[in-house]
Amino acid sequence: MSVTDVTDLYEEYGEDRLPPGQRETSKFPVLSKGNTPKFDPDTWEFRVTGAVENELTFDYDEFRALPSVTQRQDFHCVTGWSKFDCEFEGVTFPELAERADVHDDATHVMFAALDDYTTNLPLEECMRDEVLFTWEFDGDDLPPDHGGPLRVVTPHKYAYKGAKWVCGVEFLTDPERGYWERRGYSNTANPWNEERYS
Ligand SMILES: Nc1nc2c(c(=O)[nH]1)N[C@H]1C(S)=C(S)[C@@H](COP(=O)(O)O)O[C@H]1N2
Ligand SMILES: [Mo]
């Protein structure tokens with residue numbers, strides 16, 4: 001499968017590929033608020049709800065059958081490390097939004113995860129091909145600690161905007177805050193502006 005390199009995305013935001021205050025690491029640390037939830041492929045379900053024409057439900061095989069892309073992306077953690085050249089395979093946010101037929105008055109998005117984590121973004125920050133629902137990292141199944149079977153990646157934002165173990169996407173007509181956004185992390189999370197805390 002061909003790989004699209006989107007590591008030049010930083011040019012929209014700053015001079016340097018490495019955002020200010022970050023250091024590059026080749027490791028892939030795990031950061032979770034709690035334990036890694038168990039994944040049961042027989043009961044796993046993914047839902048798209050809220051301000052959409054078509055609410056959607058996928059089982060695991062149905063989600064994996066959606067058209068997918070593979071991208072090379074950078075990953076920026078708010079705690080100060082960045083990992084370059086991560087290869088993720090998955091479904092783009094716009095691909096999913098198109099199937100849901102999002103209402104004109106939808107302005108925001110809330111992601112929900114199996115560990116009761118949530119995170120929010122404005123709709124326009126999600127409607128980019130680099131926002132992926134991914135199940136594969138560097139050619140292997142996404143490891144459970146890193147959000148397998150399915151997580152979101154947001155290379156234009158600090159990584160807390162990407163829900164691991166994602167199981168739902170809700171389209172909103174008003175802004176709401178997710179787990180860390182209610183606990184002092186930045187609502188906007190632009191790494192090149194060092195928007196770490198609010
Ligand atoms: N469901 C869920 N998603 C989550 C988290 C979490 O605790 N639960 N932690 C977030 C934070 S704070 C970061 S920095 C990244 C870490 O991803 P990693 O563990 O793959 O490095 O996941 C984000 N997504
Ligand atoms: Mo984080």
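The values are calculated or read from the model by the stated rules, or taken from the named source; none is laboratory data. Model, not experiment: these values are computed from the prediction. Here the Cβ is made from the backbone with ideal geometry for all residues, glycine too, and neighbour counts use every protein chain on show. Keep in mind that these areas ignore ligands, DNA and RNA; they rest on the heavy atoms of the full protein, side chains included. Shrake-Rupley method; radii C 1.70, N 1.55, O 1.52, S 1.80 Å.
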Practice problem: Go over the candidates 72, 47 one by one and state the one that is in contact with a strand residue (DSSP E or B) (Cβ under 6 Å, 6 or more places away or on another chain), within 16 Å of ligand 1 (Cβ to nearest atom) and either farther than 30 Å from residue 10 by Cα or not hydroxyl-bearing (Ser, Thr, Tyr) (or both). | Solution: 47
Quiz item: Got at least one residue in the range 140-150 being within 11 Å of the chain's Cα centre (by Cα) and either over 21 Å from residue 22 (Cβ atoms) or among the basic types (Lys, Arg) (or both)?
Solution: yes
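Tell me which residues, restricted to the range 158-195, are of a type in the set (Ser, Thr, Tyr) and more than 16 Å from ligand 2 (Cβ to nearest atom). Outline the logic, then answer.
Here is the first cut: in the range 158-195, the residues of a type in the set (Ser, Thr, Tyr) are 158, 160, 173, 179, 185-186, 188.
Residue satisfying the conditions is 173 alone.
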Quiz prompt | Residue in the range 56-68 that is in contact (Cβ under 8 Å) with a residue 12 or more places away in the chain and over 15 Å from residue 133 (Cβ atoms) present | solution = no
Quiz prompt | Selection count, the range 131-168, where residues are under 22 Å from residue 47 (Cβ atoms), among the small types (Gly, Ala, Ser) and within 10 Å of ligand 1 (Cβ to nearest atom) | solution = 4
Practice problem: Being among the aromatic types (Phe, Trp, Tyr) and either open to solvent by less than 50 Å² (accessible area, probe 1.4 Å) or closer than 18 Å to residue 196 by Cβ (or both) is the filter here, so list the residues in the range 1-58 that pass it. | Solution: 10, 13, 28, 44, 46, 58
Quiz item: residue 85 is checked against (1) open to solvent by 50 Å² or more (accessible area, probe 1.4 Å); (2) out of contact with any strand residue (DSSP E or B) (no Cβ under 6 Å at 6 or more places or on another chain); (3) touching a residue at least 24 places away in the same chain (Cβ under 8 Å) and fails just one. What number does that condition carry?
Solution: (2)
Exercise. Tally the residues that are under 13 Å from residue 161 (Cβ atoms) and part of a strand (DSSP E or B), restricting the search to the range 82-130.
Key: 10
Quiz item: Restricting attention to the range 82-118, which residues are within 16 Å of ligand 2 (Cβ to nearest atom) and under 25 Å from residue 11 (Cα atoms)?
Solution: 82, 83, 86
Exercise. Scan (1) more than 14 Å from ligand 1 (Cβ to nearest atom); (2) hydrophobic (A, V, I, L, M, F, W, C); (3) farther than 25 Å from residue 24 by Cα for the single condition residue 192 breaks and write down its number.
Key: (3)
Quiz prompt | Residue selected from the range 160-198 under the condition among the β-branched types (Val, Ile, Thr) and open to solvent by less than 30 Å² (accessible area, probe 1.4 Å), by the criterion nearest to the chain's Cα centre (by Cα) | solution = 166
Quiz item: What pairs come up if the first residue lies in the range 171-187 and is on the phi > 0 side of the Ramachandran plot, the second is within 16 Å of ligand 2 (Cβ to nearest atom), and their beta carbons are under 7 Å apart, counting only those six or more places apart or on different chains?
Solution: 184/197; 184/198
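I need a count of the residues in the range 28-47 that are within 17 Å of residue 162 (Cβ to Cβ) and away from ligand 2 (no atom under 16 Å from the Cβ).
Selection size over the range 28-47: 2.
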